[in-house]
Amino acid sequence: MADYLTQLRRASFRGIQFDCPENESGGGRRVVRHDYPGKDQPTFEDLGLDSQSFTVTAIINGDGFAKLADTFEAALQKSGPGTLIHPLYGQLQVIVTGRWRRSSSAATVGDVTFSIPFERYNGPVYPSAAADTVAGLSAAGDNLAAAVTAEFKAAFDANVPDFLSTDALGRANSFITGLSSSLSQAGLKNPLSIALPVLSDISGGLSDTILALYDSISAAAQPKAVPVVGAATADQLTGAQVTQLAGVMSQVSTSSIADTTTAATATAATRQKNALALDNILRAGALAAATTMAQYAAYDSKEQARALRDDLAANISTLRDQLGASRGWDNSWLAAGQALAAITRDINDRIGRLPRTQQVKTTTTRTSLDIAQRLYGDDPKVIFAKADDIVARNGIRHPGFVPPSTLEALIDAA
C-alpha cells in the first residue's frame, strides 16, 4: 500500500492543481448491433476501441480557494484539449465532455468540489492538409505552467524571517509593476480589463496567485462568443492585439529579479534561492502565457511572424539555460523545450500562408492613397484598404502628407 501511494501524482488540469479523492475510468469497444427480419440472431459490427473516459472528483481548497475555484472553472470552460495530470495514469491530453458540476456545502466550508467528465484526446482521426499545431501550443503552455508551479512550491521557502519575506515580495511586486507598465505602454491594459495584484503574503497560495494572473491574461486573449443579438463585447481583443500581447509577454520575461550577489551566509543563500524561484515562475509563467495565446494570434506578414517566433525562441532558450542550471527545475527545463518546439512548429506552419513585405522608398511628399495606387493598381477598394494598411504599418501621422522615407508595404497579399 505504501508503495502504491508514493506512485500517485498530484492531480491538475491546465496547470491548476486540486485534490482528487475519487476518480473513475472506463473504456470499451464501439459495437453496433444489427437486427434483420426473419433472422433469430442479430449480428454485431465492431467499430474499434472507444475512447478512454475519466470521471474526476476535483476538490479546490486552501488559501484563496474561492478565487482559485473560479480560475479552475474558467479552465474547464476553455475550448479544445488540455493537459490532465491523473493521479494514477500520469499526464494525458483530454477534453471535457458532457456537463461538469460544481458544488459546495456548509458542512465543508473552504472546499469547492467539481465532478468532471473527461475523455482522452488523441487528435483528429483523419489526416488533414495542415498539422494541428494549435493543440500543441495549448498543451505546451499548460505543461510549462504546471511544471514551473510544482517546482516553485518545492524550491521556495516561505518559513523565513520578515525581512526575507519583504525582500521576496518586493522583487515579485517589482516584476508585476513592470508587467503593468509594459501593458500600458502597448495600449493593452485597458482592453484586457485585468486588475494586476499586489502581493502581500508569501505563506501559501503565492504560486497560485501568480498562475491565476497569467491565466487571466491568456483567457482575455481567447476569442469570445459573439452574442446572437448585438455586437461583440468592447473588450474583445483582435488577432493583431493578441500578437502584440504575446510580444509584450515575451519581452517581460527578460526582466530578471534573481539575486546574483555572493551568498556568504545561510540567510543570504535562502534569500538567493527564493529570489531565483520567483524569477523562474514569473518569467516562465509569462512565456507559458505567450505560448498559449499564440494560437489566437493573427500575423499580417511573414516578417511579423518570424519576428515573434525568433523573439520567443530566444527568450525561452535564455530562461531554459537558467532552469537547466538551477537545481530541482528539471521538469520546467523540459517543458520550456516543448514550448519552444511548439511555438516554432506553429509559426513555421503559418508562415507559408502569409504575405511578404518589402521596403518602398519615396523621394517626394505623397498621400497614402497615391502610394497605394502606385503599388497595388487602380481598384478603389484595394487602394483605400492598402492605404490604411500603409498608414498603420508605418505609424504615419497624417495620411495626406507622407514625407520622403522608406516605408514597409505588403507586396503579395490580395
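The numbers here are math on the coordinates, done by the rules we state, and not lab data. Since this is a predicted model, take the numbers as computed values, not measurements.
List of remarks:
- Using a cut-off of 29 Å between Cα atoms, the listed pairs Lys189/Lys381; Lys67/Lys302; Lys78/Lys381; Lys302/Lys361 include Lys189/Lys381; Lys67/Lys302; Lys78/Lys381 as exceeding that distance.
- Each listed q (0.22 Å⁻¹) maps to a log10 I(q)/I(0) for the range 2-120, found by the Debye formula over equal Cα scatterers with no solvent: -1.27.
- Using just its DSSP H runs of length 4 or more, each adding -39500 (n - 2.57), the chain gives a mean residue ellipticity at 222 nm of -16000 deg cm²/dmol after division by all residues.
- In summary, the chain shows an alpha-carbon radius of gyration equal to 1.17 times the 2.2 N^0.38 Å reference for compact globular proteins.
- Remark: relative contact order (the chain) = 14 percent; criterion is Cα-Cα distance under 8 angstrom and separation of 6 or more residues.
- Most mobile listed residue (Arg33, Arg350, Arg101) in the chain, GNM with C-alpha springs under 10 Å: Arg33
- Sequence-distant aspartates and glutamates (8 or more away, or on other chains) whose Cα lies within less than 17 Å of Lys386: Asp300, Asp370, Asp378, Glu408, Asp412
- For the range 261-339: relative contact order, % (alpha-carbon pairs under 8 angstrom, 6 or more apart): 27 percent
- For the range 249-354, the Kirkwood hydrodynamic radius from C-alpha pairs, put into Stokes-Einstein at 25 °C and a viscosity of 0.890 mPa s, yields a diffusion coefficient of 166 µm² per second.
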